[in-house]
Amino acid sequence: MFYSMLADVIVVIHVAYVGFVIVGQLLIVGGALLRWQWVRNFWFRVCHLVAILIVAYEALAGIVCPLTVWEDELRRMAGQTVEEGSFIGRFMHSILFYDLEPWIFTVCYVAFALLVLGTFVLVPPRWRRRQEISDRAASQVSA
């Protein structure tokens, strides 16, 4: 039971990771069109880019995602397969995994990484300089 719950936690984290990459990209593109400044946050953008670059690298190098390995090992320790897991585990797993050839995933991951990288260049993140922050603070005090 304990290992099964841990496996469910891992698959939820896995779905959140994928969601961050996909939804993050949609928000960056939409935010650029709507002129939302927060989508240019340096740390958000770097984390987003690194997240998809890790996935693309793993796919190109033939490395199985550590989250998948961890979940599979926990399921094995629980004496179950994914199909025998909880409703949440099965549902989350169905969001992530499809029965396609591995090369299709590699192409998709690399293409998405190139899209994110292109967006990183076309809609560059902004690093707030200390002077800009000081100037804003000073103007707010004098107002």
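A short reminder: the numbers here are calculations on the coordinates, not readings from a lab. The structure displayed is predicted, hence computed values, not measured ones. Note that we place each Cβ from the backbone using ideal geometry, even for glycine, and neighbour counts take in every protein chain shown.
Kirkwood Rh over Cα pairs of the chain into Stokes-Einstein at 20 °C, 1.002 mPa s: D in µm²/s?
122
Counting each DSSP H run of 4 or more residues in the chain as -39500 (n - 2.57), what helix-only mean residue ellipticity at 222 nm follows after dividing by all residues, to the nearest 500 deg cm²/dmol?
It lands at -25500 deg cm²/dmol.
How do the peptides 69-75, 40-46 rank, highest first, by the average count of neighbouring beta carbon atoms within 10 Å per residue?
69-75, 40-46
Starting from 0.36 nm per residue, how many nanometres of slack lie between LEU26 and VAL12 once their C-alpha separation is accounted for?
Answer, rounded to one decimal: 3.0 nm.
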